1. Starting from 0.36 nm per residue, how many nanometres of slack lie between D166 and S467 once their C-alpha separation is accounted for?
2. Expressed as a whole percentage, what fraction of the accessible surface of segment 3-192 belongs to carbon and sulfur atoms when a 1.4 Å probe is rolled over the protein heavy atoms?
3. Could the peptides 315-323, 413-421, 132-140, 198-206 be put in order, highest first, of the mean number of other beta-carbon atoms found within 10 Å of their residues?
4. Can you compute the radius of gyration and Dmax for the chain, using only the Cα atoms, both in Å?
5. Using alpha-carbon pairs under 8 Å, 6+ residues apart, how would you state the relative contact order of the chain in percent?
6. List the residue ranges in the chain for DSSP H helices whose C-alpha atoms run 15 angstrom or more along the long axis and whose Kyte-Doolittle average is -0.5 or above.
7. On the protein heavy atoms, probe 1.4 angstrom, tell me the percent of accessible surface of segment 206-352 carried by carbon and sulfur.
8. Are there GluC sites (Glu not before Pro) in segment 20-104 that DSSP marks as loop and that have at most 16 other Cβ atoms within 10 Å, and which are they?
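The values are calculated or read from the model by the stated rules, or taken from the named source; none is laboratory data. Predicted, not measured: the structure shown is a model, and the values here were computed from it. Here the Cβ is made from the backbone with ideal geometry for all residues, glycine too, and neighbour counts use every protein chain on show. For the accessible areas, the whole protein counts, side chains as well, though only heavy atoms, and no ligand, DNA or RNA atoms are used. Shrake-Rupley method; radii C 1.70, N 1.55, O 1.52, S 1.80 Å.
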Amino acid sequence: MCGILAVLGCADDSLAKRVRVLELSRRLKHRGPDWSGLYQHGDCYLTHQRLAIIDPASGDQPLYNEDKSVVVTVNGEIYNHEELRKKLRNHKFRTGSDCDVISHLYEEYGENFVGMLDGMFSFVLLDTRDNSFIAARDAIGITSLYIGWGLDGSVWISSELKGLNDDCEHFETFPPGHLYSSKQGGFKRWYNPTWFSEGIPSTPYDPLVLRRALENAVIKRLMTDVPFGVLLSGGLDSSLVASITARHLAGTRAAKQWGTQLHSFCVGLEGSPDLKAAREVADFLGTVHHEFHFTVQDGIDAIEDVIYHIETYDVTTIRASTPMFLMARKIKSLGVKMVISGEGADEIFGGYLYFHKAPNKEEFHRESCRKIKELHLYDCLRANKATSAWGLEVRVPFLDKEFINVAMAIDPEWKMVKREQGRIEKWVLRRAFDDEQQPYLPKSVLYRQKEQFSDGVGYSWIDGLKSHAAQHVTDKMMQNAEHIFPQNTPTSKEAYYYRTIFERFFPQNSARLTVPGGPSIACSTAKAVEWDAAWSKNLDPSGRAALGVHVSAYADEATNVNSILPSKMIDTIPRMEVSTSGLKILS
């Protein structure tokens, strides 16, 4: 991931202002350690900190059209850039960068080209002919982006809060799937999929259609000119991504450059559930597996750095970001610059354990829609910033636009958890890759219960964080919490501890408003807490708070795993067969 910062219309074109913009841009250098660029046109500044993934030799930014009248600074990857170049045959490209198409698309289609981009991206485009500009963010918010306004009338755009929080009067999260236009003077949504209205879909479940959609999403993300690997926690989502990558790597340009041996990476406390499961998957797939261990104290020591980089005080996000932050550093030290990961599947398929209590398919689907819309505040923010802290890029095929369209069109009745029928969480995804002839994964992994990342790295991790926070936050401090922090008041000592660190780095009111709040159970939205009256008494974002669902729940009434995974489950599933003509389902 790269780092971008744009300061537009600041009524100051002095050398001192340029120096200040450069100083702020350097705060984002961890995102792009390979090269720095700055373009100034009057009182407009576009800066870029580059992480070189595609065309490392000539793709430095900002990027320009032929006569340099249109200038762009971009963070992201455009997976369909080669197809888009074919539509722009009359244009001359300066580099082989995937992002080089943006300025030329603007010349051809004006502000309406953003929906043509297939990828993850945040960009600012300046048209020097009339000093107008646009800024846009990808559909789901995989790349991080913020917008701010200065007292001098300036508009600021930055990949991270730290690029603008000290110089803007007000700033906020740039909404995903939106375009900001200086000509229009505000935002407009460019991403308008059918599922966004939260209407209940009715498309019958077709496992092969779903399988092909995910395979296509993974394959397009193998576009790279640098060494890469896969994050492998041993859970269903990352394991499927790793399996598909391993199957399709041979024959790609990446394989020709770096070989067909896939590298996989996992992190956890000694003896954690994830380490064991990941090792099993790695052995099954034949990857070169890298297992990183950390201690609870290692994680606690990193908390301040994590909060500075992740820019949140949300408890779940910090719990999960810390192991990922530590792992990203190890991965980068091995010379790897890009990894593929499994974020997004739980939101799309209702994989979090609280979905077991969804009262009907309508509520199930609406909650899934709410979760996808909020991904940029949670898992996307974590994945993007925890890796970018060390100059590592993460790609997430489950959040491919086409894949989401396919998955969210399925009648949610198929996604519902029905234990009596052997259907556990994410059954439609598991079923789609349950191939007896050419197995994608071992059955023990394909039907492994959902484990949130912050739990899977080792249950003592969260317990250790709670204990550490209790040593620093007193009961008396908690009694006064609503007066000290009236916005999103911490309801636990752990939350209070994180909040004090966040406020030290980002003291502005605008900063605290960028972080979501409200009650949650096992990562649910506030609305879903209403599904079970008992949950309101046990509000904790850990999956182990899903009493009666998680096999290692906090309470003794957790259900035995055998009641969740009936032994006859596989017998009721039609078999998939591979032939020279392709895949087919056998009844």
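1. Numbers: separation 301, 0.36 × 301 = 108.36 nm, distance 3.36 nm.
Difference between extended and current length: 105.0 nm.
2. Details: 3070 of 6710 Å².
That share works out to 46 percent.
3. Details: 315-323: 26.2, 413-421: 16.1, 132-140: 24.6, 198-206: 13.0.
By packing density, highest mean first, the sequence is 315-323, 132-140, 413-421, 198-206.
4. Looking at the chain, its Cα Rg and Dmax stand at 23.5, 73 Å.
5. Details: 1173 pairs, mean separation 80.3, N = 587.
Answer for the chain is 14 percent.
6. Details: long enough: 15-26 (17 Å, -0.01); 207-220 (20 Å, 0.46); 236-248 (18 Å, 0.43); 273-285 (18 Å, -0.04); 296-310 (19 Å, 0.39); 315-333 (28 Å, 0.27); 361-373 (18 Å, -1.95); 459-472 (21 Å, -0.69); 493-505 (19 Å, -0.97).
Flagged H segments are 15-26, 207-220, 236-248, 273-285, 296-310, 315-333.
7. Values: 2400 of 4720 Å².
That fraction is 51 percent.
8. Working: sites: E23, E66, E77, E82, E83; in loops: E66.
Sites meeting the loop and neighbour criteria: E66.
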